[in-house]
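Data block below; observations after.
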Amino acid sequence: MKLNRKQKNLIGLLSIIILITISLVVVFSQKSSTIEQNFHIKDTNKITKIVIEDREKNISKVVKQDSIWMVNDKFQASPLMVSTMLETLREMRIREPVAKAAHENIIKQLSARNTRIDVYTESYFINLGFIKLFKREKLEKSIYIGNETMDNTGTFMLIKGTKDPCVIHIPNFRGYLSSRFTAVENDWKMHTIFKYKPQDIASIKVEIPDYPQEGFELYAEENTFHIKRLADGELLKDFDTLKVTAFISSFFELNFENIATNIPQIHKDTIFSKNPSFVFTVKDKAGKEKKLKTFIKMNEGTWVSENDKTNFYEIFDINRMYGLMDGSSDTLILQYFAFDNIIKPVSYFY
């Protein structure tokens, strides 16, 4: 059958309409199946404040002041904690929406046990690209953070004001994210006790109250370190220079493990009423001093009595000790492993 020109045009028009229809169906089907990635913060450089609050009423307000982040207007935040938090906010993505069957249960979990994070960013009332006027701080996003998924590779989250929770993860990272959003103030503290370059140290004094004859002071003079016994003020004429070098280098970075909480009163009465095991006083060449006192630590759940004093390994923690820094009210937990190189008597250097 031979088609005339009008019929050919009609068939061509119908073909075009069919192709357009198919294209629209494909586009809209793809759009409806694409997840809007709206949980992360694209530009974390604009973040000015992060407020984290949990169900136990812990609150940490982490505020950027110039280039330093402060926590609750009390202390400088750990740079590692800050960088981890910003990286998480920048890199986290929706892995999948919560399945409809689990939707109600996850909502209940998020309502009963969650951590809320409020992210504030720098903004302007007038922002025309090259013209920015009237700087302000605005609440960018509030997110409720729940538990991890069964496979420990995702975390349930919900943006405040929305109804659909999602499983959030960081692509190519295997693990959950809830532990990165801590509202506990102590978790944000820097763990550094001593951090000195050898050339910046003026002196290190080591006192051993129960063995005063073993105390000493190591000090720098004319680019050389000398050792003086505290008991009689006598200088050591001969000492092991390799041991001295290792001792001084150990102060390059010494950290505590964590901050002790809920220490039983009997432990406090038993331990902190006695002399410290060691007292370290480090002075830098600018004249600033730091002092650390160390004390033995008892194992949790132990009770000291006259009959138990021979059972040393059950009473005392042989891996950790307590530390008190001048100017701080925190009781620190220190690992012997990290401090072994500086817990030394003067006779060690002979």
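The values are calculated or read from the model by the stated rules, or taken from the named source; none is laboratory data. A quick note: this is a predicted structure, and the numbers were derived from the prediction, not measured. A quick note on method: Cβ atoms are made from the backbone with ideal geometry, for glycine too, and the neighbour counts reach across all protein chains shown. These accessible areas exclude ligands, DNA and RNA; they are computed on the full protein's heavy atoms, side chains included. Shrake-Rupley method; radii C 1.70, N 1.55, O 1.52, S 1.80 Å.
Laid out as a table, the results:
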read-out	value
Accessible surface, per residue, of the chain when the full set of protein chains is kept, probe 1.4 Å, Å²	63 Å²
Overall Cα dimensions of the stretch 76-198, principal axis frame, Å, largest first	56, 49, 28
Range of Cα positions in the stretch 230-272 per principal axis (Å), largest first	47, 29, 11
Long-range amide H partners of PHE278 with built H, under 5 Å	THR294
Accessible-area composition of the chain, carbon plus sulfur, in percent [1.4 Å probe]	52 percent
Using θ = phi - 60° and Karplus 6.51 cos²θ - 1.76 cosθ + 1.60, couplings along the stretch 151-166 (whole Hz; Gly, Pro as x)	8, 6, 10, x, 10, 6, 9, 9, 7, 4, x, 10, 10, 10, x, 9
Hz values of 3J(HN,Hα) by residue in the stretch 43-52 - Karplus curve (6.51, -1.76, 1.60), Gly and Pro given as x	10, 6, 5, 8, 5, 10, 7, 10, 10, 10
Percentage, to the nearest whole number, of Cα pairs in the chain over 32 Å apart	56 percent
Listed peptides 53-60, 152-159, 204-211, 230-237 by packing density, highest first (mean Cβ within 10 Å)	152-159, 204-211, 53-60, 230-237
Helix-derived mean residue ellipticity, 222 nm - over the chain, DSSP H n ≥ 4, -39500 (n - 2.57), to 500	-7000 deg cm²/dmol
Per-residue HN-Hα couplings for the stretch 263-272 [Karplus 6.51, -1.76, 1.60; θ = phi - 60°; Hz; x = Gly/Pro]	6, x, 4, 5, 5, 4, 5, 6, 8, 7
Gain in span if fully extended, LYS274 to ASN255, counting 0.36 nm per residue against the direct Cα distance	4.4 nm
Area accessible to solvent at ARG180, 1.4 Å probe radius, in Å²	50 Å²
